[in-house]
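One structure is given below, encoded as structure tokens.
The values are calculated or read from the model by the stated rules, or taken from the named source; none is laboratory data. Because the structure is a prediction, the values reported are computed rather than measured. Here the Cβ positions follow ideal geometry from the backbone for every residue, glycine too, while neighbour counts run over all protein chains shown. SASA here: full protein model, heavy atoms, side chains in, ligands and nucleic acids out. Shrake-Rupley method; radii C 1.70, N 1.55, O 1.52, S 1.80 Å.
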Amino acid sequence: MRKTSFLTKVSVFSIAIPVAVFAVTAGCKTRSQVASEKAIRVHPVLGSLRASCAGGSCHGVVSKAILTRWQKSTKVVYDCLRTNGAKEESLLAGGNADKLAECLEDFPQGAGLFRTYYQSKDFEGLLRKAKRSDDDIGYLQSMVMPNPQSATQAQLAYASDEAKLWQNILWFASEDAVTAIDKLPEESVNAKTCKSDRISRSLVSHVTEKSSNPFANWWSRKNLENQLAMFACPDQRRGAYNPEADCFKGASNVTGIAAPQPGGEGEAPFRIVALRELPANTYYWMRVSPDGRFVGNGSSEDMDPEGNGFEAFVDDLAAANRRVIVRAKYDPGFTPDNEWFLFQGANGDHAQAAFCRMSVLSRMNKIEPMPPACLGPTERDGSHIHLYQSIGADPEGGPYVIAQGGWENDNGGNSASGGRLVFNADPIVKQGKNNLNVFVFDGAGSGLADSLVFNNEGDWVVSPTTRLVVGRYGQGSSEQHGYRIHMLNVQPDTGKKAGFSVSHKVVGEICNVDPATRKPQFRGGKVQISLDDRFLATHRYTGTEEASLEKASSDIMLYDTLTGNSMQVTNMPTGMYALYPSWRSDGWIYFLVRDRRTNAGKDFVAATNAAWWLSRQPGSNTNIVDDNEFEGGE
């Protein structure tokens, strides 16, 4: 029996406390290290909280550009406060909450270090005075500062001294901070431009494990062998059927959103069907169970009529109008064996995630993620699995493996993003070095197996088999160049603290832009990997960061690693967002549609069989190379 455990982690957004950009090591120091030390001496907070952002609790390495943005946010709010007549003494005493609320209303991108100052105060009340929406309130509340449990008391001593904290804020709003940040050395950039799509022979061998047919390998095959009943499909116990053609026969087709395909005329050569209308308050990503029956979402509102903080929900598509509410917030996930589901922000704690057995979804309508229905915290080494996690399990046995590391927020189509369209037409990736944190669960507990360091690569996703991990990568400009596929090897090792060792090698690269024609191809945000490990899916935004929610959109994109073919599945009207593709075992893809056109505001679950059509498109992958074509481990 496969086993797992309870997860915990914190979320840190771009207005969190700045941390040191560079580590300082013992021995001889480089010119960059000396410059970093000088900046830290000018403002100790830059260094003192670096440990608090270690291990993936922050989005990644904090660059000079991010520090500059934080400084500008702090300066704008500070200037607004002074213009409104606030006095430093009363700010120190917390007596200018109303004035700060007025400034927040005028400055939608955040509060800079003022968020830190009011962290222990009634920040929700402050935001409501600023007439912020429920989406914004929930999002800003999730911007917790670096986890106090992960740093020493000495490092955080400043936080308990309001006078010292206020002086830090005053310094950060000053020109001295601008000068200090400017003196920080530039980040090292070692990433290379994506020259062409390249797929290694070992990756081809992996995705054709038993068959070259789509959805006939790994978890897709194993779940079929285990007779996992697929939602809206014929009963396989009565004979074989064709998932592409025989499932969702009674579902309503969605018209007007399918993207035209080359050489095609008239109707799209695949189906898009509507499955369930959702409340217009879905929050961050959506995920589907391997059997397609259950769909998990976060919510920006309390779904509990009694107001007990049930801000996540799971729709049971097999029962009309049945919705299970969960005392959690966001980031749902399902294990590929259909045994467990998880949410982040469990039990009202932004720094907690929990696993629950799938069986509770069939017998409970209201779930508090705690024993006996769910697992409690079991971290052996104090490590916490932070936001934007992904989970897989080896079909041949072993523990669950969870990957997490530097990430970019993505709450597309919601005002909670502050109007900023992350992952727009030219998606960005974290600059500098980022960790890929690999955790294992063995039933009795969990632990960090290893933390691997990569240059300019992040938004990690482990494949359902745990054999692959995919990240977005770019260069110091933050422009995304493409995706990099790594073969991941997690093996028992009694000599390691968590009992497992982790190694990897690059086995594939996918360029965002065709190097020959310079035309866009497969690109977008964080990917999701099919249960046979062959296909990648993501969503790609159109419009610019300055566009309003009603004037942008996003579409679903697919890539077949075996053939090298890619496609755009949807062509959403302006103001509508196709988001967060999620695979079920047989190759159907579910995705979330958010309608942000004026007076619309409807969200719904859709599904498509487009990957089957893509798998049949002519052409063999001409970019298959030997494994040694990839230099080094990165």
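Calculate what fraction, in whole %, of the accessible area of region 287-350 sits on carbon and sulfur atoms when a 1.4 Å probe is rolled over the protein chains. Whole-percent figure for carbon plus sulfur exposure: 37.
How large a share of the accessible area of region 482-611, in percent, is made up of carbon and sulfur atoms when the probe is 1.4 Å and the other protein chains stay in place? It would help to have the intermediate numbers written out before the result.
Working: 1880 of 4040 Å².
Result for region 482-611: 47 percent of the exposed heavy-atom area is carbon or sulfur.
Straightening the chain between LYS505 and ASN571 buys 20.2 nm, computed as 0.36 nm per residue apart minus the Cα-Cα spacing.
Taking all protein chains into account, the per residue accessible area for region 268-403 stands at 32 Å² (1.4 Å probe). Of the cross-linked pairs LYS551/LYS602; LYS329/LYS551; LYS72/LYS526; LYS129/LYS551; LYS75/LYS99, which ones have a Cα-Cα span greater than 18 Å in the structure shown? Over 18 Å apart, Cα to Cα: LYS329/LYS551; LYS72/LYS526; LYS129/LYS551. Each of the peptides 602-612, 325-335 was scored by the mean count of other Cβ atoms within 10 Å over its residues; in descending order, highest first, they stand as 325-335, 602-612.
Could you state the accessible area per residue of region 548-619 in Å², with a 1.4 Å probe and every protein chain left in place? Before the final figure, lay out each step's value.
Working: 1960 Å² over 72 residues.
On a per-residue basis, region 548-619 sits at 27 Å².
When each of the peptides 585-594, 220-229, 78-87 is scored by the mean number of other C-beta atoms lying within 10 Å of its residues, the order from highest to lowest reads 585-594, 220-229, 78-87. Placing pseudo-labels 7 Å out from each Cα toward the beta carbon at GLN617 and SER196 gives an inter-label distance of 1.9 nm. With the charge dipole of region 242-387 set up from +1 on Lys and Arg Cβ and -1 on Asp and Glu Cβ about the Cα centre, the Cα lying farthest toward the positive end among the listed residues ALA328, CYS247, TYR284 is that of CYS247. Maximal additional length on extending the THR598-ASN628 stretch stands at 5.5 nm, based on 0.36 nm per residue less the C-alpha distance. Looking at region 235-324, the trypsin sites (Lys or Arg not before Pro) that sit in a DSSP loop and have at most 12 other Cβ atoms within 10 Å of their own Cβ are LYS249.
Counting only other residues whose beta carbon sits under 12 Å from that of ALA258, what net charge do I get with K and R as +1, D and E as -1? The partial results should precede the final answer.
Numbers: positive: ARG271; negative: GLU267, ASP555.
Every neighbour counted, the sum reads -1.
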